[in-house]
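The numbers here are math on the coordinates, done by the rules we state, and not lab data. Note that this is a predicted model, so its numbers are computed, not measured. Glycine gets a Cβ as well: all are built from the backbone with ideal geometry, and neighbour counts include every protein chain shown.
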């Protein structure tokens, strides 16, 4: 069947959209029929007309998400491209769930739309491969990717929270996409016109956290004031020092009058916090305030690790390949054997690790098709050396594994500046804490065990915010 014999049905209540699409498809040699309501579209489909449907979501007489299941029941092989000005995560997910060939957000690029129409009207040798490619193009535009049951639950929770202005606590391992979820909640919520301000508490020296968050003595505004009218994202909240936790709690409760100097009023901020740490465990250790936890955990949202949703790996990998190409890396495809091999990897760095692996392969390999052999070679380089099954890992090996996961979690694989001091601080704090616990709070004995001067130990206790415990009785 040639292009002239194929007919595209357009449904949109905006006459200008109908005109632009009709002219574009006609120039390409397709027959076109356009309508401004869902009822007429359904009649045409029922009469057997059309080889492709291009439709808006919100129509005067009916929402297309209610119409699409009827279209698919009558003509299951008829491809449908859904377009919408409500270009958010929920719309995209709904389009995928009701079987749309592709979701195109408005305002759309006309070349993208005609390209999608060509793909939908073509007769690919491998229909499943064509569907996978269409999903990848759609997924590359979304903040979150995945059709697995765990991700569907995440989508449902996000959909429930976007209309509210509740404080949200996002939990999940490093690399699961906690900041992406926070951004989606902001971009889709009532504060979308305000700023989305991020502070990574693991990347800020402990002595500077309060100044960064609440402002400096010279009058410079902190992140709290910067986020006035928008959203403040407190990443790695489990790393916040106790003094800063106390002050944050007072700000949330209204007992500490944080003032925006530009407005003279308290900042109006939605707080979204995230952590990869066990806050309840930190509470038991005296390292996190229980009352602050309850104020932050108003609406909990847990992100699953990648190993719990391996069925999403093919969609993620294809979307990352498209993203890498868009950013200047060579265009590549991936075969089924490579995708199966990716599913077998434990992914300690989760989605971020997978994306970094895909980018590395695109940069380092000349082959246009990524095979299982290439994936195997790259994954082998990530495995720790096998020093014997029964020998426990050394401290150095454990630290190396943890740091490898941390590097994999960073954009482009590069952490923010100040890594050396942050790592030393992370090691020093539990080392001093455990030593003081073992000596039942005896600082002289602890200094002797650690090989430190007593004054040095005292200063580190103060700088690191170490809680002095009397230990076991």
query = For the pair residue 31 and residue 335, how long in nm is the line joining their label points, each one 7 Å along Cα→Cβ?
reply = 4.2 nm
ask   = Modelled label-to-label distance, residue 277 and residue 165, 7 Å Cα→beta-carbon offset: nm?
value = 3.1 nm
task = With a Förster radius of 30 Å, plug the Cβ-Cβ distance of residue 459 and residue 284 into 1/(1 + (r/R0)^6) and report the FRET value to the nearest 0.05.
result = 0.65
query = Can you sort 345, 186 by how many other beta carbons sit within 10 Å, fewest first?
reply = 345, 186
task = Would you compute, from DSSP H runs of 4+ residues alone, the mean residue ellipticity of the chain at 222 nm, taking -39500 (n - 2.57) per run and dividing by the full residue count, rounded to the nearest 500?
result = -14500 deg cm²/dmol
request  = Based on a Kirkwood Rh over C-alpha pairs, give the Stokes-Einstein translational diffusion coefficient of segment 159-302 at 37 °C and viscosity 0.692 mPa s in µm²/s.
outcome  = 215 µm²/s
task = Quote the relative contact order of the chain in percent (integer), defining contacts as alpha-carbon pairs under 8 Å separated by 6+ residues.
result = 12 percent
message = How are the alpha carbon pair distances in segment 158-202 distributed across 5 Å bins from zero to the largest one, expressed in percent?
response = 5, 20, 32, 26, 13, 5
inquiry  = Based on the alpha-carbon set only, what is the convex hull volume of the chain divided per residue, in Å³?
reply    = 193 Å³
message = Shape verdict for segment 180-224, please, from the Cα gyration tensor: rounded (a/c under 1.5), prolate (a/b greater than b/c) or oblate.
response = oblate
remark   = Everything considered on the Cα gyration tensor (a ≥ b ≥ c; rounded for a/c under 1.5, else prolate if a/b is larger than b/c, else oblate), segment 419-464 must be described as prolate
query = What's the FRET efficiency of residue 448 with residue 112 using the Cβ-Cβ distance as r and R₀ = 60 Å, to the nearest 0.05?
reply = 0.30
query = Which value in nm describes the separation of the simple spin-label points at residue 73 and residue 403, placed 7 Å from the Cα toward the beta carbon?
reply = 6.1 nm
Two-site FRET efficiency, residue 299 against residue 396, from Cβ-Cβ distance with R₀ of 30 Å, rounded to 0.05 = 0.15
query = Any idea what angle helix 372-382 forms with the longest principal axis of the chain, computed on alpha-carbon atoms, 0 to 90 degrees, nearest 10?
reply = 10 degrees
message = On C-alpha positions alone, give me the angle between the axis of helix 149-162 and the longest principal axis of the chain, in degrees, nearest 10.
response = 80 degrees
message = Counting other beta carbons within 10 Å of each residue's own, what order do 420, 103, 30 fall into, fewest first?
response = 420, 30, 103
request  = Round to the nearest 10 and give me the degree value, 0 to 90, for the angle of helix 127-139's Cα axis relative to the longest principal axis of the chain.
outcome  = 50 degrees
query = When DSSP beta bridges are limited to those with both residues in the chain, what percentage is antiparallel, rounded to the nearest 5?
reply = 5 percent
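Mind sorting 459, 343 by how few other Cβ atoms lie within 10 Å of their own Cβ, fewest first?
With the fewest neighbours first, 459, 343 line up as 459, 343.
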